Amino acid sequence: MAIKTVSAEKALRPIRSGMRVFVGSGAAQPQHLVEALSVRAGTLRDVEVLHLLTLGAAPYSAGARESRLRHNALFIGANVRKDVKAGFADYTPCRLWDIPKFFRSGRLGLDAALVQVSPPRAGRVSLGVAVDIVKTAIETASYVVGQINPKMPWTHGASTVPLSAFHALVEREEDLCELPIPELTPDALWIGRYAARLIPDGSTIQLGIGAIPDAVLAALSKKKNLGIHSEMISDGVLALIEKGVLNGKKKTLHPGKIVTSFCLGTKALYDAVDRNPMFAFHPTEYTNDPEVIAKNDRMVSINSALAVDLTGQVAADSLGHQFYSGVGGQVDFVRGALRAKNGRSIIALPSTAKGGEVSRITPALMPGTGVVTPRSDVDFVVTEYGIASLRCKTIRERAIALIQIAAPRFREGLRRAAENAGLIDQGHIFPAGGDRYEVDYETRQRIDGVSVAFRPLKPTDERKLKELFYSQSPETTLMRFGLPLRSLEEHQFQKLVAIDYENSLAIGAFVKKKGGRERLIGVARYFAEPGEEFAEAAFTVHDNYQGRGFGRFMVEFLSWIAGKRGLKGFRAEVLTVNTAMQKVFDKVFMKTRTHGDMAERVVRMAFEDLRRRGNPATGDAQGGRRRHVAAAAA
């Protein structure tokens, strides 16, 4: 069926002064219509141009107060940021989930909508790469102009509208705007690596725009059966689809489908979504509805930020009175993911800005900064230095965790600021070194029928170490410390969790008890003076887990780590009556050397005498190969 099209000039004649005009989103910005609107600007006054982030030119954001067109950004893109900052354009903070409701209710009523669509099929057109709020804009605007572009992909999902929805159609072929694939910096790759530890097999994930989301996707290549439910997707999904990692088989909502509302990327991405039923494009009132998001079991949201203060408040759209982007869908997905069964939320950001001169982990957000995600909603925060788990943590624990993932040069200043503000105790002991959390020293093992997560201790494990100390028997305490201790001072507990990776390291063994509570049930640690080849080692296992193979694994694992770090062996002070520990050493080492008096002796163990070489977490240990699984640190 032939369709009647008109010129852009004729199509825009009904646009009058004082109107609010919506422009299509992202890569689907109707560039030809935007140019025609700008040509008409001289005959108009006080026209408000409204849209989300767009990739094309924004001539209506003229950079002058006498402009006849004034932009209102629902999400600030690079093409309008300068004018928003100068006061020549406006910004309306709002959640993506809410915007369609604003259109429908008239609170943000639309007089006209300029959108880009695919060529028609059976009386309908597809909105292609951007459905988001575009579909609702078409349904609610008083006057709708569609630019038919043969290069617009036909996408599946709820992405089509009837030709009858349009008051005028303009045919114009042009390339879609592209977003170049960002360079993955070393910091972004570290952030991706840490975030990937928090994404179990079978998860459904949501990601945003930029190098960090792409780095997270790049780190997921060895995962299994991942799915996507996200407001947007980028080129990073293509490699995971090709590898079979991203297949949606385990999704509990729309299994097998990649659910999104728009995509931003290169032509390769736009070609991939064209007529591909694997991709389902829906409006944001569906994709960003927290109740809908929560229907995805193991939902993991991953969002970025400009800054995070030491209590966990997240700044994502502004710093001070300067606005950079928008609220977007961050809160929608944070809350939806946390409501999902086994869901979690990640805020990922580089630790510094301005070439390393400014810390993004701050004592407090600067005056005027908007809080996009409140501290009560924040789950995990990830930088290139590690993971901070904030959910259900005290302000003190939050500050300690966030200081540890700040850039090392800023940690001492953050510690002093936290003390001065009363966020942490005066003189709190932090590691002297340990720039980066060692993710390679995490493993999950099944030993004697128990799933155990082994990982380096963090300063925030102080509470768990206290629980271990006070719940074990006096005999176990005596064997570990050589003294019948009934308690330890606060600073002593802090020292025991303040490892620096250079001279000291401690690996904790964690199990989930009934009801989901995590318990520390064992610790393996060593301390070496600078230049020493043999480090002083100590091991303890809770009474309920002794004699079951936990101690042996910890000795083997700590020996492998210490050997990697250049040490030659361990020496351990062992009470003569502690025959159980001596038996463990004899099982791990072909020979040990001892000396001492009748009450206590020093056992010396060289790594060259280990019965089994290599990483026991991935090797054939204790009679059977153990499966190595990421231990998501809590």
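Before moving on, here are some points about what is shown:
- Sequence of PHE493, PHE75 once ranked by neighbouring C-beta atoms within 10 Å, starting from the fewest: PHE493, PHE75
- Separation of the stretch 410-468 and the stretch 547-581, taken as the distance between their Cα centroids, equals 21 angstrom.
- Sequence-distant aspartates and glutamates (8 or more away, or on other chains) whose Cα lies within less than 15 Å of LYS341: ASP201, GLU291, ASP297, ASP379
- Using θ = phi - 60° in the Karplus curve 6.51 cos²θ - 1.76 cosθ + 1.60, the 3J(HN,Hα) couplings for the stretch 152-163 round to 7, x, 9, 10, 8, x, 9, 9, 10, 9, x, 4 Hz; x is entered for Gly and Pro.
- Under Karplus coefficients 6.51, -1.76 and 1.60, residue-wise ³J(HN,Hα) of the stretch 266-281 in Hz, glycine/proline x: 9, 4, 4, 5, 5, 5, 5, 7, 5, 6, 9, x, 5, 9, 10, 9
- In the chain, the calculated helix contribution to ellipticity at 222 nm averages -7000 deg cm²/dmol per residue, counting -39,500 (n - 2.57) for every DSSP H run with n ≥ 4.
- Size of charge dipole - the stretch 440-625 - debye, nearest 20, with Cβ of Lys, Arg +1 and Asp, Glu -1, no other charges: 820
- Under 5 Å, built H, 5+ apart or other chain: amide partners of ARG436: none
- Percentage relative contact order, the chain, counting C-alpha pairs under 8 Å, at least six apart: 9
- Sequence-distant residues sharing a close amide H with GLY522 (under 5 Å, placed H): ALA509, HIS542
- Nonlocal amide H pairs with LEU505, under 5 Å, H built at 1.01 Å: TYR526
- Beta bridges assigned by DSSP with both partners in the chain are antiparallel in approximately 50 percent of cases.
- 0 to 90° range, to nearest 10: angle between helix 330-339 axis and the chain longest Cα axis: 50
- Global form of the stretch 440-625, assessed from the alpha-carbon gyration tensor, a/c cut-off 1.5: rounded
- Taking Cα atoms only, the orientation of helix 550-564 departs from the longest principal axis of the chain by about 70 degrees.
- Angle in degrees between helix 462-471 and the longest Cα principal axis of the chain, rounded to the nearest 10: 40
- Cα shape, the stretch 400-475, gyration tensor, a/c 1.5 rule: oblate
- In sequence order, the stretch 378-383 has phi-based couplings of 7, 9, 10, 10, 10, 10 Hz under the Karplus curve 6.51 cos²θ - 1.76 cosθ + 1.60, θ = phi - 60°, and Gly or Pro positions carry x.
- All lysines inside 22 Å of LYS85 as judged from Cα atoms, apart from same-chain residues fewer than 8 positions distant: LYS354
- As a rough footprinting exposure proxy, the listed residues MET598, MET581, MET299 were ranked by other beta carbons within 10 Å of their own, and the order from fewest upward is MET598, MET581, MET299.
- Over 25 Å between alpha carbons, listed pairs LYS512/LYS568; LYS458/LYS512; LYS10/LYS151; LYS466/LYS568: LYS512/LYS568; LYS466/LYS568
- For the listed peptides 359-369, 175-185, a ranking on the average number of other beta carbons within 10 Å per residue, highest first, reads 359-369, 175-185.
- This ranking places MET479, MET554, MET590 by how few other beta-carbon atoms lie within 10 Å of each, fewest first, which gives MET590, MET479, MET554.
Bear in mind these aren't lab numbers, they're just calculated from the coordinates by the rules spelled out. This is a predicted model, so every value here is computed, not measured. Glycine also receives a Cβ, built like all others from the backbone with ideal geometry; neighbour counts cover every protein chain displayed.
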